[in-house]
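Enquirer: Encoded as structure tokens, here's the structure I'll be asking about.
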Amino acid sequence: MGVLAALIPVLPLLGFLMLFLAGARLGARGIAVVGVGSVGIAAGMALGLTAWFLASPVPVEVSAWTWMTVDGFAPRIGFRLDALSLIMVLVVTVIGVLIHLYSAEFMAGDEGYARYFASMNLFVAAMLVLVLAADLLLLYLGWEGVGLCSYLLIGFWYRDPANGRAARKAFIVTRIGDTAFAIGLLLLFTHLDTTDIQALMGRAQGQWPAGAPLAVAAAALLLGGAIGKSAQLPLQTWLPDAMAGPTPVSALIHAATMVTAGIYLIARTHALFDLAPAVRDAVGAIGAATLVLAAFSALSQTDLKRILAYSTISQIGYMVLALGVGAWASAIFHLMTHAFFKALLFLAAGVVIQRLHEEHDIFRMGGLRQRLPLVFWAFLIGASSLAALPLVTAGFYSKDLILWRAWSAGPFGRALWAAGILGTFLTGLYIFRAVFVVFLGPVRTPPRGGIGPAVAVPLVVLSVLALIGGFVETPDFFGGVPALTDFLAPVFPGPPPPGDPGGEAAASIFAALVALAGVFAAYVAYCRRPAMVATILRHPAAEAMRRCWAAGWGFDWLYDRLLVRPLVATARAGRADVIDAGFDALAAFCRQSHAMLSRWQTGQVRWYAAWIGAGTILTVAISVLA
């Protein structure tokens, strides 16, 4: 079983190599077969491993080889399959193959078709290495691979300078967190003498008491890495601009790969965060603040994809909040259900935008319920799950569990719960604002064309998962199925939370009413009394607040003035640095030499023959005289 687990990331990696080396000769059909097939086989193997693991739930490890050996430092290329990594592999491969299948039709005819699938395959391979790595250094390799692929895919349409800027922004902002992660990795190795994850956590628990300065420092540095990749405050600014990439890329980044990496990192190293209570509290506070601020920003967007982007930041905030109160399994549960409904929302949005001639503004859409019925129902199901509509959606069960665990975590947890409840209301408001404006009312931009099976199948499958995916973990008052928590118990040991079926039922009912209130507020504001919203926004204070929210609370403005402009000014001031004069002279010499030599390239064969003859005579003369 361990060998099969190690082969799963190899399959999309082989797909990448085939497409990179021979994509131009495969043709569109061959490219799609390799791109989709490599991830599809990996997904099939993951499902087979799941059946095997359920029959014998014993973690397994396999070591391929030792990476290097330097003075006792011997990191290995090794993979570990346990309950946590198996769930992550299933999310990455199953969601990944559905997005790849959708891409086969969505991206058809694009001149970069082979390059697109090569990058997507590499993205999936890097994420699989990250979640299966048994060694923290190998995990970091996958971590950086995901960052590289995000740059390639966000800037996929590189001829537009705005796309290149968005790709560079994502790469640079996440590098801040990656640097913190790298320093934390070095700190752990220098004090615990290993980078093996299981050994690291065991030694940390054995050598460091709770609150030890080294444990706090290491946990804080890993947290820095996590907030960069998972787009949490204050490093969240890259994610809305990442919408520059093709819509399937947005779905993959937001649902199955990059933004979930930070959640996985904290969950995988949870023993270290248990030793640093102050850092764990900071995790919860960051998640609570992020989910509220991002929800307000989503409410003020008019670009459909940016609404979903801020929604992702907010929903990841719920996962981070759960990690902050020690609800490790609850965070992974919401990660899984979020993958279902967020991939569904992005893929449905992609169809809408493409069929409306690349229109992104929701207020130029409308009336699509009859024109695109399958897309309407898919988006409605995804929106309902995102808003956590009670009992019938996967998002309800995972978000409800997070809120209950926060409420049960004492006074600090109840403050986080209040933030989560506010986020619940705002989520229902902003996502059903999009539903009502885009799919109801008059047709503002007529759609063109229909959808083929390669697009329809992923929408249908994800719709089903967004509805039933939450039944693996239901509260006591609704069946009491703890299947996911029990499955993850070997990874997250500890006493179960205190049972209070009555209190949990009351909290769930309250959260459900808040979610429904958000949906009702959206209905009143955008279906019954749309003039009311326009009247409110005409007030200067309301318009100023809307602009602040729409600009992401001004973080880009602040960073531009505090960091970007001073750095650019410093670079310009150093442009005339005397040290550069030598390099400038070398460059000038190379240019002049090239210009001189290029004049000899006349295209006249007789001159070339003459120079060859002269060179031969000179060589013979030198050899004779020498």
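The values are calculated or read from the model by the stated rules, or taken from the named source; none is laboratory data. Keep in mind it's a predicted model, so treat the numbers as computed, not measured. Please note: Cβ atoms are built from the backbone with ideal geometry, for glycine as well, and neighbour counts cover all protein chains shown.
Enquirer: Condition first: at positive phi, outside any helix (DSSP H, G or I) and of a type in the set (A, V, I, L, M). Can you find one or more residues in the range 227-248 that meet it?
Expert: The initial filter retains those residues of the range 227-248 that are at positive phi, namely 231.
Restricting the remaining residues to those that are outside any helix (DSSP H, G or I) gives 231.
Then keep just the ones that are of a type in the set (A, V, I, L, M); that gives 231.
The answer is yes, given that some residue of the range 227-248 is at positive phi, outside any helix (DSSP H, G or I) and of a type in the set (A, V, I, L, M).
Enquirer: Follow-up question, since we're still on this one. Quick one: T69 ticks every box in (1) touching a residue at least 60 places away in the same chain (Cβ under 8 Å); (2) surrounded by fewer than 21 Cβ atoms within 10 Å (Cβ to Cβ); (3) hydroxyl-bearing (S, T, Y) except a single one, so which number is it?
Expert: Failing condition for T69: (1).
Enquirer: Say we look at the range 174-183 and pick out the residues that are surrounded by 21 or more Cβ atoms within 10 Å (Cβ to Cβ) and not aromatic (F, W, Y); which of these is farthest from D241 (Cα to Cα)?
Expert: First pass over the range 174-183, keeping only residues surrounded by 21 or more Cβ atoms within 10 Å (Cβ to Cβ): 174, 177, 181.
Pick out the ones that are also not aromatic (F, W, Y) and you get 174, 177.
Working: T174: 13, G177: 18 Å.
Selected residue: G177.
Enquirer: Kindly indicate whether W52 is part of a strand (DSSP E or B) and of a type in the set (A, V, I, L, M, F, W, C). Before you say what the answer is, go through the steps one by one.
Expert: Values: part of a strand (DSSP E or B): no; of a type in the set (A, V, I, L, M, F, W, C): yes.
Taking the combined requirement at face value, the residue does not satisfy it.
Enquirer: Could you tell me which of the residues A267, A210, A218, A199 is among the small types (G, A, S) and in contact with a Pro (Cβ under 9 Å, 6 or more places away or on another chain)?
Expert: Working: A267 fails: in contact with a Pro (Cβ under 9 Å, 6 or more places away or on another chain); A218 fails: in contact with a Pro (Cβ under 9 Å, 6 or more places away or on another chain); A199 fails: in contact with a Pro (Cβ under 9 Å, 6 or more places away or on another chain).
Just a single option satisfies the conditions, and that option is A210.
Enquirer: I want to confirm something. Restricting to the range 552-591 and keeping residues that are touching a residue at least 40 places away in the same chain (Cβ under 8 Å) and in contact with a helix residue (DSSP H, G or I) (Cβ under 8 Å, 6 or more places away or on another chain), which single residue is surrounded by the fewest Cβ atoms within 10 Å (Cβ to Cβ)?
Expert: Checked the range 552-591; the qualifying residue surrounded by the fewest Cβ atoms within 10 Å (Cβ to Cβ) is W553.
Enquirer: Condition check: closer than 23 Å to W328 by Cβ and surrounded by 13 or more Cβ atoms within 10 Å (Cβ to Cβ). Does A505 satisfy that? Talk me through it step by step, then tell me what you get.
Expert: Values: closer than 23 Å to W328 by Cβ: no; surrounded by 13 or more Cβ atoms within 10 Å (Cβ to Cβ): yes.
Spelling it out, it is not the case that A505 is closer than 23 Å to W328 by Cβ and surrounded by 13 or more Cβ atoms within 10 Å (Cβ to Cβ).
Enquirer: Right, next: Considering (1) over 20 Å from V92 (Cβ atoms); (2) in contact (Cβ under 8 Å) with a residue 12 or more places away in the chain; (3) touching a Ser or Thr at 6+ places or on another chain (Cβ under 6 Å), say which one G470 fails and leave the rest.
Expert: Single failed check for G470: (1).
Enquirer: Inside the range 161-203, can you point out the residues that are assigned to a loop (DSSP other than H, G, I, E, B), β-branched (V, I, T) and touching a residue at least 12 places away in the same chain (Cβ under 8 Å)? Full working, then the answer.
Expert: Residues of the range 161-203 assigned to a loop (DSSP other than H, G, I, E, B): 193-195.
Okay, now just the ones that are also β-branched (V, I, T), so 194-195.
T195 - this is the single residue of the range 161-203 that is assigned to a loop (DSSP other than H, G, I, E, B), β-branched (V, I, T) and touching a residue at least 12 places away in the same chain (Cβ under 8 Å).
Enquirer: Looking only at the range 592-626, which residues are assigned to a helix (DSSP H, G or I) and in contact with a helix residue (DSSP H, G or I) (Cβ under 9 Å, 6 or more places away or on another chain)?
Expert: Step one: list which residues in the range 592-626 are assigned to a helix (DSSP H, G or I), which gives 592-599, 605-625.
Selection gives nothing.
Enquirer: Right, next: Examine the range 491-500 for a residue that is touching a residue at least 24 places away in the same chain (Cβ under 8 Å), part of a loop (DSSP other than H, G, I, E, B) and either closer than 30 Å to F363 by Cα or among the aliphatic types (A, V, I, L, M) (or both), and state whether such a residue exists.
Expert: There is at least one residue in the range 491-500 that is touching a residue at least 24 places away in the same chain (Cβ under 8 Å), part of a loop (DSSP other than H, G, I, E, B) and either closer than 30 Å to F363 by Cα or among the aliphatic types (A, V, I, L, M) (or both).
Enquirer: Being of a type in the set (V, I, T), buried (at least 22 other Cβ atoms within 10 Å of the Cβ) and farther than 15 Å from S330 by Cβ is the filter here; which residues of the range 387-404 pass it?
Expert: T393
Enquirer: When the residues of the range 405-433 are filtered to those that are surrounded by fewer than 24 Cβ atoms within 10 Å (Cβ to Cβ) and aromatic (F, W, Y), which remaining residue is nearest to V320 (Cα to Cα)?
Expert: Within the range 405-433, the match that is nearest to V320 (Cα to Cα) is W417.
Enquirer: Are there helices (runs of 4 or more DSSP H) fully within the range 356-408 with at least 1 residues that are farther than 17 Å from A255 by Cα and at pLDDT 95 or above? List them.
Expert: Values: elements: 368-371, 373-386, 394-407.
Hits in the range 356-408: 373-386, 394-407.
Enquirer: Also: Quick check on the range 232-254. Is at least one of its residues surrounded by fewer than 24 Cβ atoms within 10 Å (Cβ to Cβ), more than 29 Å from E358 (Cα to Cα) and hydroxyl-bearing (S, T, Y)?
Expert: no
Enquirer: Test T570 against the stated conditions and say whether it is hydroxyl-bearing (S, T, Y) and in a helix (DSSP H, G or I).
Expert: Working: hydroxyl-bearing (S, T, Y): yes; in a helix (DSSP H, G or I): yes.
Taking the combined requirement at face value, the residue satisfies it.
Enquirer: Here is a list: V279, V259, V292. Which entry is within 16 Å of V320 (Cα to Cα) and at pLDDT below 95? So that I can check it myself, show each step before the final result.
Expert: Values: V279 fails: at pLDDT below 95; V292 fails: at pLDDT below 95.
Every option except V259 fails the conditions.
Enquirer: Still on this structure, please answer the following. Of the residues V58, V3, V97, V39, which is surrounded by fewer than 16 Cβ atoms within 10 Å (Cβ to Cβ), of a type in the set (V, I, T) and more than 20 Å from I332 (Cβ to Cβ)?
Expert: Details: V58 fails: more than 20 Å from I332 (Cβ to Cβ); V97 fails: surrounded by fewer than 16 Cβ atoms within 10 Å (Cβ to Cβ); V39 fails: surrounded by fewer than 16 Cβ atoms within 10 Å (Cβ to Cβ).
None of the other options fit; the residue is V3.
Enquirer: A follow-up question, please. Which members of the range 100-117 meet the condition of being surrounded by fewer than 24 Cβ atoms within 10 Å (Cβ to Cβ) and either farther than 24 Å from I451 by Cα or not hydrophobic (A, V, I, L, M, F, W, C) (or both)?
Expert: Selection gives E105, G109, D110, E111, G112, Y113, R115.
Enquirer: Identify all residues within the range 101-120 that are within 17 Å of R25 (Cβ to Cβ) and in a helix (DSSP H, G or I); write none if there are none.
Expert: So the first thing to find is which residues in the range 101-120 are within 17 Å of R25 (Cβ to Cβ), and the list is 111-118.
Those that are within 17 Å of R25 (Cβ to Cβ) and in a helix (DSSP H, G or I): Y113, A114, R115, Y116, F117, A118.
Enquirer: Let me ask you something else. If you scan the range 121-160, which residues turn out to be closer than 22 Å to G78 by Cβ and not in a helix (DSSP H, G or I)?
Expert: A133, A134, D135
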